[in-house]
Structure formats: structure tokens, C-alpha cells
Amino acid sequence: MTTVARLVLGGVLIVAGALKIGNPSDSVVAVKAYQLLPESIAVPVGYVLPILEIVIGVLLVVGLLTRVAAVIAGLLMFAFVFGIAWAWANGLRIDCGCFGGGGQLGKGQEPTYLLDILRDFGLVLLGAWTVRFPPGRFALDGALGLGGDSADDEEDDQ
């Protein structure tokens, strides 16, 4: 189960980051649209976010530093849940920018806040699962002896 959890969470992060990295200015626009951070912080966050998503996603997919990566991924997803809930509660009409794009919605477009929150909260839970249980059979942590888990724990993971 942990293998599936880390692959799904890692895959989502890689896709999200890859869709943003080619046009980082869109990521900056998306971060600014939430109106949570001052511009002096929103701009660097917008540029760094796609890189962070890809790096953490790759670590999860290959199972290297799995628990650390899962903590960061879970916190990142929780921050996204908070940001989307903030936008919704404050009447902002924005695209979450989760998979590229972002910013103000066009005329006739409706936000999908509830679906975005449910998706991201599900990813928070996958991160929590990955932190709690051994990284799984196909993780580099196990092959390199970095997991600190016994073989019995690996069997319990299945």
C-alpha cells in the first residue's frame, strides 16, 4: 500500500511541477492570485515551487529519503488545501494553478474549490500514510539500508 501511496503522490507532484516549469511566470501569477503572500515572497515561491514539486516527486517515486520527502509533500499539499480554502472563503475567483495556469478565472468560468480541496486533502493522507509505514519493497531506501525498517516491517507493509 505504501508503494502505491508514494507513487501516486510522487507522480502527481512530478506532473504538477513539469506542467509549470516550462513557464514559471504562470506559476508566479498563480501564487500571487491567492493574495496570501507579499509580492517579495510570492515571486520566489512561484519560481521555486515547480522545482520543489519535481524533486520531492522524484524522491517519492524512487523511494529515496522517503519519509522526509513524504513529510514535505504532505505539508505542501496541506498548504495547497489551506490556500484554496482561503481563496474560497475570501470570495476570490481563481484557478488553483495546481497543474499550470492559475490566476483570475475568465468570464463564465467557475472555480472548482471543493474538488481541488478534496483531491489535495487525499494527497495529504497519502503523505501521512507514507510517513507512518515503511517505504515498500521497491524503494531505494530499503536497498540502500536507509529505511531503518526490518524485513518484518516490509512484510507488514503489503
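The values are calculated or read from the model by the stated rules, or taken from the named source; none is laboratory data. Note that this is a predicted model, so its numbers are computed, not measured. Every residue, glycine as well, gets a Cβ built from its backbone with ideal geometry; the counts of neighbours run over all protein chains shown. For accessibility, only protein heavy atoms count, side chains too; no ligands or nucleic acids. Shrake-Rupley method; radii C 1.70, N 1.55, O 1.52, S 1.80 Å.
Some points to look at:
- Matching residues in the stretch 25-42 - criterion: being in a helix (DSSP H, G or I) and either at positive phi or buried (at least 16 other Cβ atoms within 10 Å of the Cβ) (or both): D26, S27, V28, V29, A30, V31, K32, A33, A42
Residue by residue, here is whether (1) farther than 17 Å from L140 by Cβ; (2) of a type in the set (S, T, N, Q) holds:
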| residue | (1), (2) |
| --- | --- |
| Q35 | yes, yes |
| V43 | yes, no |
| I51 | yes, no |
| V58 | no, no |
| G63 | no, no |
| V68 | no, no |
| G74 | yes, no |
| A79 | yes, no |
| A89 | yes, no |
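- Being crowded, with 22+ Cβ neighbours inside 10 Å and modelled with pLDDT of 95 or more is true of A73.
- Taking (1) over 14 Å from V131 (Cα atoms); (2) open to solvent by 60 Å² or more (accessible area, probe 1.4 Å); (3) free of Cβ contacts under 8 Å to residues at least 12 places away in the same chain in turn, V68 satisfies each apart from (1).
- The combined condition, being over 26 Å from L125 (Cα atoms), in a helix (DSSP H, G or I), in contact (Cβ under 8 Å) with a residue 12 or more places away in the chain and open to solvent by less than 80 Å² (accessible area, probe 1.4 Å), is not fulfilled by A16.
- Of the listed requirements (1) under 16 Å from G11 (Cα atoms); (2) assigned to a helix (DSSP H, G or I); (3) open to solvent by less than 40 Å² (accessible area, probe 1.4 Å), P135 misses just one: (2).
- Checking E53 against (1) farther than 19 Å from V28 by Cα; (2) open to solvent by less than 30 Å² (accessible area, probe 1.4 Å); (3) charged (D, E, K, R), the condition it does not meet: (1)
- The stretch 1-13, residues that are touching a Pro at 6+ places or on another chain (Cβ under 9 Å) and surrounded by fewer than 22 Cβ atoms within 10 Å (Cβ to Cβ): T3
- Taken over the stretch 81-108, residues that are farther than 10 Å from Y34 by Cα, outside any loop (DSSP other than H, G, I, E, B) and either of a type in the set (V, I, T) or touching a residue at least 40 places away in the same chain (Cβ under 8 Å) (or both) amount to 3.
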